[in-house]
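A.B. asks: First the structure, which I've put down as structure tokens, then a few questions once you've had a look.
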Amino acid sequence: MRKMKGFRLRLAQFLLLLLAILLLLPMVQTFLYSFSSIGEMKAFMKTRGSYDETQWMEAHLIPNLVSLGQYHQILIADHTVLWLFVNSVMYAALILLGQALIIPPMAFALSKFRFPGREGIFFGIILLMLLPFQVTMVPNVLTLRSLGLINTIWAVILPMWFAPFYIFLIRQFMVGLPNELIEAAEMDGAGTWSVYLRVILPVCRPILGAAAALSFAESWNLVEQPLTYLAARQELQPLSTMFNQLASENTGFEFAGAALYILPALFVYLFFQEDILSGIQLTELK
Amino acid sequence: MYKKKSLVLPFLLPGLAGILLFYVAPFFGGIWYSLTDGSYENAFVGFQNYLNVWQNPMFQLGLKNTMELSLICSPSLFLLSFVLSVLLNRMRPAGAFFRNSVLLPYLMPSSAVLIIWLLWFDYGGPVNRILTLLGQGRVFWLQGQELRLPVVLLFLWKNLGFCVVIFLAALQAIPESLYEYATLEGASFPRQAFSITLPLIVPSAFLVFILCWVNAFRIFKEVYFIGGAYPDEPLYTLQNYMNNMYGKLNYQNVTTAAYSFAVLVFALFGLLFWMQRRAQRGLT
């Protein structure tokens with residue numbers, strides 16, 4: 001690719017730098033604030049919502065006094081936030097586990113087997129993928145209700161196991177794999193399962209990593225499903241639905257809670273960043 | 001490529017059964033719901049539910065807001081991510097930091113960031129400070145019509161990364177020689193972006209555009225984060241209406257609203273698909 005030079009390059013870099021700072025600032029600010037003392041944060045957050053023309057909120061980024069008070073509060077003194085965090089971990093783990101067992105085999109079936117109805121099934125999956133949540137929520141609810149699963153954790157987890165988008169994503173990657181891979185393994189006497197486990201899954205590493213990261217991001221930020229399906233069960237909510245309540249109650253430890261919630265996502269990103277880029281790049285997305 | 005049909009079953013069946021059970025079968029079963037009155041006898045009422053729901057002012061408001069918000073969100077997300085990816089692509093490999101800073105928010109829980117948003121857009125907060133420095137008056141960001149801006153910005157912050165990834169993947173597949181030739185011919189940078197890059201990535205761009213729409217229909221998430229469960233009127237989305245009806249166990253209205261919306265969405269996507277076909281034929 002042609003490189004930009006001189007002034008134009010500087011200008012582009014400056015604009016990108018500005019944007020990068022803006023995009024990263026929410027996370028940085030959350031971490032910085034999480035090290036203020038509870039009292040300091042309470043006083044600071046109390047200045048919100050004042051419509052006095054002469055008043056400004058204090059502009060500060062660095063805590064006046066570095067303290068682990070907020071972390072002590074949520075990790076040791078009061079376990080409310082911690083339990084919600086554990087709920088989030090449970091949802092993310094169970095959703096990803098089910099997806100790992102169901103979705104890659106289905107993608108394999110739709111890419112490397114020839115059988116009648118294959119194109120029809122794949123077309124149906126694309127249609128489902130394009131339907132907005134408001135629409136797919138309805139069939140999900142009807143089934144969950146007749147199975148008696150509303151207001152249990154499975155109402156959130158089960159429909160996600162069959163998320164059409166990830167079937168599409170992984171299938172598109174597998175279609176691009178050469179058939180010789182399978183033929184060579186068959187010559188050595190490998191059955192379908194051992195081809196799947198020993199040949200297909202290892203070469204699909206980038207897209208599996210990308211799909212896992214994307215699915216984690218979705219499961220870690222659940223809102224619509226728990227709010228709808230678990231409306232009567234406050235104690236089963238993941239932490240993601242509770243932040244605006246935390247913020248409005250002015251607890252003083254909301255930033256430590258937010259930092260705690262950002263941290264796992266940060267690790268997932270650092271671990272999978274190469275896979276996200278190369279996985280999507282090697283996938284036939286058309 | 002396996003051709004023996006029985007071999008596919010163990011791979012296909014678990015997923016297919018789940019999709020049929022949770023998505024396809026109840027989808028058709030639900031049509032029956034939308035045509036009955038939900039009473040004890042469950043009498044068939046034809047399209048009466050549809051007429052009722054369409055005339056319901058809250059449904060109209062939710063639909064209107066959802067459409068307006070996605071009409072703001074998806075084109076801006078699309079354009080912003082296209083321009084960004086072109087810039088990022090030119091900066092390789094020095095652009096790793098920039099690329100990471102754009103991608104990172106996609107994996108971040110926007111739920112945890114909403115507190116920062118509430119701070120930034122407070123009446124006495126940084127955004128209004130900057131506005132005052134620029135000589136403008138303060139704005140009530142957290143109420144009424146103005147609430148839409150923070151909501152849209154949170155949506156863009158969160159969703160930019162994924163669109164950029166798809167665009168970047170498509171851009172890196174374009175041969176460099178095309179640009180060298182265009183430069184020799186004296187084509188400017190914006191000219192190259194729109195005359196070479198855009199036509200070559202039409203298929204991926206179309207996918208990004210559609211995904212932008214699908215995501216924009218889920219703006220309820222950002223609305224809930226900033227506006228709470230009972231937002232002001234300019235933010236009352238279709239999801240709010242459906243959650244409300246669902247809470248009242250009014251499945252007739254829930255299904256009716258969902259299917260009305262589905263028809264609209266598919267009409268929209270059908271139109272987009274048709275336009276893409278025509279555009280592509282025009283280019284080749």
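Rule-based calculations on the coordinates, nothing more; no lab input. In this text the structure is predicted, and so the values were computed from the model without any measurement. Cβ: placed from backbone, ideal geometry, glycine included. Neighbour counts: every protein chain shown.
A.B. asks: Residue by residue through the range A:66-81, what is 3J(HN,Hα) from phi via Karplus (6.51 cos²θ - 1.76 cosθ + 1.60, θ = phi - 60°)? Round to whole Hz and write x for glycine and proline.
C.D. replies: Those phi angles translate into 5, 8, 9, x, 4, 5, 4, 4, 7, 8, 10, 6, 10, 9, 4, 4 Hz.
A.B. asks: Sticking with this one: Whose amide H sits under 5 Å from the amide H of B:Tyr2, counting only residues 5 or more places off or on another chain, with H placed in the peptide plane?
C.D. replies: The list, which skips near neighbours in sequence, is A:Phe113, A:Arg114.
A.B. asks: Taking GluC sites (Glu not before Pro) as exposed when DSSP calls them loop (any state but H, G, I, E, B) and at most 15 other Cβ atoms lie within 10 Å, what is the longest stretch of chain A free of them, the sites themselves excluded?
C.D. replies: Counting only loop sites that pass the neighbour cut-off, the longest clear stretch is A:59-283.
A.B. asks: Next up: Output wanted: per-residue J couplings in Hz (rounded whole) for the range B:26-38, from phi through Karplus 6.51 cos²θ - 1.76 cosθ + 1.60, θ = phi - 60°, x for Gly and Pro.
C.D. replies: Along the range B:26-38, the couplings run x, 4, 6, x, x, 4, 4, 3, 5, 10, 10, 9, x Hz.
A.B. asks: Which is farthest toward the positive dipole end of the range B:57-283 among B:Thr255, B:Thr132, B:Phe82, measuring Cα position about the Cα centre, with Cβ charges +1 (Lys, Arg) and -1 (Asp, Glu)?
C.D. replies: Among B:Thr255, B:Thr132, B:Phe82, the one farthest towards the positive end of the dipole of the range B:57-283 is B:Thr255.
A.B. asks: Nearest 10 degrees, 0 to 90: what angle lies between the long axis of helix A:254-281 and the longest principal axis of chain A (Cα atoms)?
C.D. replies: Once rounded, the angle reads 30 degrees.
A.B. asks: Would you mind checking the tilt of helix A:118-130 against the longest principal axis of the Cα atoms of chain A, expressed as 0 to 90 degrees and rounded to 10?
C.D. replies: With rounding to tens, the tilt is 10 degrees.
A.B. asks: Same structure again: Of B:Leu211, B:Ser188, B:Phe98, which is farthest along the charge dipole of the range B:57-283 in the positive direction, counting Lys and Arg as +1 and Asp and Glu as -1 at C-beta?
C.D. replies: B:Leu211
A.B. asks: Separate question: Can you tell me the 0 to 90 degree angle between the C-alpha axis of helix A:164-175 and the longest principal axis of chain A, rounded to 10?
C.D. replies: 50
A.B. asks: As an exercise, use a Förster radius of 22 Å and the Cβ-Cβ distance of A:Leu65 and A:Phe31 to find the FRET efficiency, rounded to the nearest 0.05.
C.D. replies: Efficiency, rounded to the nearest 0.05: 0.85.
A.B. asks: Build a GNM of chain A with springs between Cα atoms under 10 Å: which of A:Leu149, A:Leu181, A:Leu169 gets the top mean-square fluctuation?
C.D. replies: In this elastic network of chain A, the residue with the biggest mean-square fluctuation among A:Leu149, A:Leu181, A:Leu169 is A:Leu181.
A.B. asks: A further question on this structure: Quick one: among B:Met91, B:Met242, B:Met67, which has the greatest mean-square fluctuation in a GNM of chain B with alpha-carbon springs under 10 angstrom?
C.D. replies: B:Met91
A.B. asks: Counting Lys +1, Arg +1, Asp -1, Glu -1, what net charge surrounds B:Asn65 among other residues with beta carbon under 10 Å of its beta carbon?
C.D. replies: Taking every other residue near B:Asn65 into account, the sum is 0.
A.B. asks: Pull up all non-local amide H partners of B:Thr36: gap of 5 or more, or a different chain, and H-to-H distance under 5 Å with H placed in the peptide plane.
C.D. replies: HN-HN under 5 Å from B:Thr36: B:Val45.
A.B. asks: Also, I was wondering about something else. Name the aspartates and glutamates eligible as straight-distance cross-link partners of B:Lys4: C-alpha to C-alpha under 16 Å, and not fewer than 8 places from it in the same chain.
C.D. replies: A:Glu183, A:Glu186
A.B. asks: Okay, moving on. Set the bar at 31 Å for Cα to Cα. Now go through B:Lys64/B:Lys248; A:Lys112/B:Lys158; A:Lys46/B:Lys158; A:Lys46/B:Lys221; B:Lys5/B:Lys158 and name every pair that lies beyond it.
C.D. replies: A:Lys112/B:Lys158; B:Lys5/B:Lys158
A.B. asks: Then there is this: Express the relative contact order of the range B:57-283 as a whole percentage, based on alpha carbon pairs under 8 Å and six or more residues apart in sequence.
C.D. replies: About 32 percent, as a whole number.
A.B. asks: Work out the charge dipole of the protein assembly as shown with +1 on the Cβ of Lys and Arg and -1 on the Cβ of Asp and Glu about the Cα centre, then indicate which of A:Thr143, A:Leu208, B:Phe167 is farthest towards its positive end.
C.D. replies: Looking along the dipole axis, the top candidate is B:Phe167.
A.B. asks: Taking H as built 1.01 Å from N, whose amide H comes closer than 5 Å to the amide H of B:Asn250, not counting residues under 5 places away?
C.D. replies: Long-range HN contacts for B:Asn250: none found.
A.B. asks: For the range B:106-123, what does the Karplus curve 6.51 cos²θ - 1.76 cosθ + 1.60, with θ = phi - 60°, yield as ³J(HN,Hα) per residue in whole Hz, taken in order and with x for Gly and Pro?
C.D. replies: Computed from phi, the couplings for the range B:106-123 are 4, 8, 7, x, 5, 4, 7, 8, 4, 5, 4, 4, 4, 5, 4, 9, 5, 4 Hz.
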